Each structure stands twice: as structure tokens, then as C-alpha cells.
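The values are calculated or read from the model by the stated rules, or taken from the named source; none is laboratory data. Note that the coordinates shown come from a computational prediction; the quantities given were computed from them, not determined experimentally. Backbone-built Cβ (ideal geometry, glycine too); neighbour counts: all protein chains shown. To get the accessible areas, we keep the full protein, side chains included, count just its heavy atoms, and leave off ligands, DNA and RNA. Shrake-Rupley method; radii C 1.70, N 1.55, O 1.52, S 1.80 Å.
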Amino acid sequence: MAGRAGTFSLSGSLDSQIEGLDGESLITSLQSQLKSLQDRVKELEIENARLSSQISNCRCYKIEGNSDCSVVSRGNSVEESAKLQAGSDVEGPISIQGGSSDERSENAGHMEATKSINGTKKKSREKTEGCNMKTLHHCAKRYVALKIMYFGQRFYGFASEAQMDPTVESEIFKALKQTKLLVGDKEDLQYSRCGRTDKGVSSVGQVISLFLRSNLKNIGMHVNNEENAPSDICEEEIDYVRVLNRVLPKDIRVIGWCPAPTDFHARFSCISREYKYHFWRGNLDLSAMEMAGKKFIGEHDFRNFCKMDAVNVHNYRRRVTSFDISTCNERSESDQIWEIIIKGSAFLWHQVRCMVAVLFMVGQGLESPNVIDILLDTTMTPRKPQYAMAPELPLVFHSCEFEGLNFICSPDAMKALREHLKNEYQTYRLKAAIFHEALLICLSATNVSDGSPLNYTKKKKAVHVPLTSRPTEPSYEERRAKLKLRE
């Protein structure tokens, strides 16, 4: 390569080189120059082949709505990219394939380098010309199951099909786009969810599945779950839990992930689901409630314990595998929190809240435990009596069971998750202490005399109408007949 500069002397000083040469010497000189140019062409061809090989190992992608294009190198780590994006609106390259640990460390140090400008520190990172992209195309991917925890008080249900925002699902997809974990268009993700919880309902074990970007090659299309076993790849693969939890809102957390076979479906592959409903015991007759609840066990027609959807649901038989009522650790000075635990293969719309509502009537002595048998007998009771569901706030979608899935979480991600939940728990305990202090002040206040204009008349106790004597909703057959008339 040392002779490259001399190679181009022909173009600038050819006249001076041939001046004074005879014909034979001139020919010899020109042949020498031609040989040098031919050697240079060969060198450039070798260099071109080397650069083409490097480009083939890079991933090109683009941001939807942006006409530029970015080339992503193998070295930059996705976790650091997500961390930078969580703290800044500036978008830059992220890794598609994981390089060596030294390469990742070197690039990470370069990307996170900071410099002081007018007394303030600004993050700088290497960028290549081209395009950024929120949804990546043509990169390594794998089918993944994610276990999700969320507290549903501020959400309009889990599913994004709800007419109002925010929903849990919409927040999850915002995080997936922000961290650039999505691969391809939405129809290519093969997305599924285990359950659709209602507005205000929480979960500590929801599961979704979809294709996500991966640091590993040739693992996205396996059908055999054993080939996706996480034992040997955790250190090389993207830490999905840590990356997503950095950008998710504080009331949503990913608590585990697992490689899944491509024929896995979070809804239809589920073996069982478990719900818990928390309540203060008060004066409830727990033995009567448990006696009534045991009647739910087995396969029954639960059309009188759900919100009927005659358009989409035609089979209302569901199997409940276990029922239990147990105490929790939380208690106040004079009361304690208990929980109803219901496990089954699948549940209908609002089924658990309807079941709990009737159980509370039994616990209050307003209904006999035998009312469960009456409502489960759809021949005797083809129409559901009108009654209000139990409130949504105490309901928790606790867990769902799958065959062959073992969810994992890295030590760093688990440590951050525990710290986050501990802080949230302590914050709510402080709020509860403030409310308790306000309650004590009210209880210790001087009673208002009977002659005071503020002495309100006590509200009359509502008269309970037995369920079997209440107005009823239309039966399934009547709803279907009405739908056919509209067609």
C-alpha cells in the first residue's frame, strides 16, 4: 500500500516524467504506470470485498415516517440503548446482534460518554447516518412469552380494544416500541394474551406472547419448546424484563419471560387460571360462604353468573377445579382481610364478580347456600335474576398455568423489581396511615347533639329481595331470537 501515492503521479506530472525520453524509454515508462494502475485496481477490489462482508453482517432499518436510513453495528447493547432512550428523546442506533463482551463494553462506554457544556452534562453517543425506526424489520427475532403484573385502578381494562385509554395493553405496546423490541408489523407479531381483565381489575400473573427482537440468530422459528430452553442463553439474550421495566409506567411491570414454541397461544394453550378476590370479613358468615362456594366446583352452565354475550359466546359451560376462602396477613384493629380463591380452566365475562356477589349475599344471611344450586340449574332458572356484581377493585387475576413454560428473570432485573414493589408498598402504607389518622380524628370528635340541624336521619336499611323473586334478564335463546330478527 506504500506505493499508492506514487501510483497517481501519472495524472499530475506525466509531462514532466516523459520529457526528454526517447520512444523506447517512453513505452517502458507507460507500461510501468499501467502495471501500477492494474495492481491498484486489484487492491481496491479486495478492499471492496472486505467492506461488503462487513455490511452483510450489519442490519439496516428505518423509522416509520422517516426517509433516512441507519446501519446498526453488532456491538451496541440493547439494554444501554433502552436506558438512553428512557432518559432522552434523542433516538440513535441500537444493537440487533450481540457482539463479544469486550465489543459491547467498548461501545457502551463510548455511547454513555458525557461532556460538560456550560456547566451541564449532556449524553453523547455515536450515530451513523441513515434512518431510525420504532418497528424493526429484517432482524433476528424469537417467539417469547412475557409474564405481566399490573394494578388496574387507572386502566380501562387490559385489552387495547377498549373504547377508552389508557389500557394496560396500550401501555405495554408503547414500551415495546420505545425499546425497539417489536419486529415487523403488528400482524406479523403473532400476538396473544391469556385473559381480558375488566376496568379496575389487577393482575400479578397475566401472560402475553409475541415475536420480539433477539440477540441470537436462527431461534425464532422453532416449534419444539425444548430447543428454546433458556438455560444456556440468558447471558447472551436481551434482558427483556430489565429493558421493558425501565420505560413502563410504575403500575405495570414485567416479572418474567420465557422462550415459547411458535405454535404457543397465550389464551388457548392455558391449562388453568386462578383469580383471587379480597374482602374485609366484617360480620360475614364464612362457613356458609365456603359451603356455597364448593357447589361451584365441577363443570356447570354459568350463564346465570356472568354478563351474557349472545353474539360471540354460545357455550356457557365452564369447569371450576377448586374453591377456597383463606385469611391474608393484612388486618386492622378490629377486622381482617380474607380472600376468595377460584381456579378453573376458563371463565366467562364478569363470571368471578357475579359469583362473589352471590356469595356475599349468602355470607350476609340474605340468601341460602342452596341458591347456588338453583342458579346453576338453567332448566329451572333459564333467565338470570338481576343483581349487581361485586366491585372490581379487590379482584386480582392471580396466575395462569402452561405446560412446559418456565419463566425467568435475571438477578439484576429481579433486584430492581423487588426494590420498586417495596417502595410502592411503603408509599401505599403511608397513605393508609394518613387515612387512618383522619378516621381516628373523626371518631374522637364530639358527638353532635340531637337538636343540631346537622343531626341527619339514619338511612333506612334496604329491603333484600330474594334472587328467585327478582326481575330477570332475557335468556340466551330469547337474545338469539332477537338477533335473528335484526338480520
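Heavy atoms of the protein chains alone define the surface here; on that basis the range 272-394 has 46 Å² accessible area per residue at 1.4 Å probe size.
Taking GluC sites (Glu not before Pro) across the range 314-376, the ones in a DSSP loop with at most 13 further Cβ atoms lying within 10 angstrom of their Cβ are Glu333.
Taking all protein chains as they are arranged and a probe of 1.4 Å, the heavy atoms of Thr472 leave approximately 60 Å² accessible to solvent.
In terms of distances greater than 25 angstrom between alpha carbons, the cross-link table entries Lys186/Lys422; Lys141/Lys276; Lys199/Lys431; Lys177/Lys343; Lys343/Lys461 yield Lys186/Lys422; Lys141/Lys276; Lys177/Lys343; Lys343/Lys461.
Of the accessible area of the range 249-400, with the probe set at 1.4 angstrom, what percent is carbon plus sulfur? Carbon and sulfur atoms account for 50 percent of the accessible area of the range 249-400.
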